[in-house]
1. Quickly run through region 196-220 and pick out the residues that are open to solvent by 50 Å² or more (accessible area, probe 1.4 Å), assigned to a loop (DSSP other than H, G, I, E, B) and farther than 15 Å from Arg106 by Cα.
2. Just the residues that are farther than 14 Å from Arg124 by Cβ and among the aliphatic types (A, V, I, L, M), please, taken from region 161-192.
3. If you take the residues in region 221-251 that are free of Cβ contacts under 8 Å to residues at least 60 places away in the same chain and open to solvent by less than 60 Å² (accessible area, probe 1.4 Å), which one is farthest from Ala120 (Cα to Cα)?
4. For the subset of region 118-134 comprising residues that are without any contact (Cβ under 8 Å) to a residue 40 or more places away in the chain and within 20 Å of Ile214 (Cβ to Cβ), which member is most open to solvent (accessible area, probe 1.4 Å)?
5. So Ile153 ticks every box in (1) in a strand (DSSP E or B); (2) closer than 24 Å to Ser113 by Cα; (3) open to solvent by less than 50 Å² (accessible area, probe 1.4 Å) but one. Which box is left unticked?
6. Applying the selection to region 161-187, what residues are assigned to a loop (DSSP other than H, G, I, E, B), open to solvent by 40 Å² or more (accessible area, probe 1.4 Å) and modelled with pLDDT of 95 or more?
7. Quick one: how many residues across region 195-251 are over 20 Å from Ala167 (Cβ atoms) and touching a Pro at 6+ places or on another chain (Cβ under 6 Å)?
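The values are calculated or read from the model by the stated rules, or taken from the named source; none is laboratory data. Here the structure is a predicted model, which is why all the values come from computation and not from measurement. Positions of Cβ are generated from backbone atoms using ideal geometry, with glycine treated the same way; all protein chains shown enter the neighbour counts. For the accessible areas, the whole protein counts, side chains as well, though only heavy atoms, and no ligand, DNA or RNA atoms are used. Shrake-Rupley method; radii C 1.70, N 1.55, O 1.52, S 1.80 Å.
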Amino acid sequence: MPSFAQTLPVVVLVVASAFAAPPYVPGEGDVSGLSKADPPTEALSGFVPRLAARHSVSKAAAPVESDAIDDAHAEHAGKNAALGSASPSAAHRASCSPDFEGAGLRVVDSFGSLEFGPSAANERAPVISSSFRGDYAVDWHFEKTGQLDGVYIIKDVDNKKLAVRYARGQDDSIILDKASSSGKAPDQLWTVQCDTCSTDISEIHGNVASQCIIRPYAHQGGCVAVGPNPDNLAYVTTDSDACTKFDFFAN
């Protein structure tokens, strides 16, 4: 029979084994020794709620910035509405729509010698880059429709039965045609936005509005252009760089 001294190492070994750490099993809490090929999915699971919480906080904060942007857009839209529609190149400048008060008008290229004028005082006569009446002659009445601010019917100065019409078509030409009896024909309505406008125009002889953009009401993405030669047709273009700016002279 073994002595107590001989059995003591065995007892100690058994007791020590009972309190020893369990063997390492990948994925059960300890992430040391794991390779990139074996990501610690289970071990990091405790971090996921914290990451999700941080992400949700950042997303919740986003509407504050979005609200500020929306407010800025609303303020900008409000300013644009107050200023009225302007040419793309003048979108941030104040603009005005003159009340011509029935004055006879000559419409001239602001930076040249071309005009916006009739080729004849007849139905279907094209509007061209000069006037059959000659230089310094008035050609038009710009009559407000009374429906919308800045919207006009453009009539021949000597024959109010003739109105300027956007003929559309391949050349986007502009012609004189029989004036609408209702005054509401969309292709005979035009908008005018200027950098400067005079008041009491009926009492003025001379320049009454400067650097104005004329647009067809039915096609506000377009604008009137003339040139480059006096006998060229006036036309509507969607190229904002090609828009002609006009000065208005009352006589």
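1. Residues satisfying the conditions are Thr199, Asp200, Tyr217, His219, Gln220.
2. Correct list: Ala185, Leu189, Val192.
3. Among residues in region 221-251 that are free of Cβ contacts under 8 Å to residues at least 60 places away in the same chain and open to solvent by less than 60 Å² (accessible area, probe 1.4 Å), the one farthest from Ala120 (Cα to Cα) is Gly221.
4. This residue is Phe132.
5. All conditions are met except number (2).
6. Lys161
7. Final tally of qualifying residues: 3.
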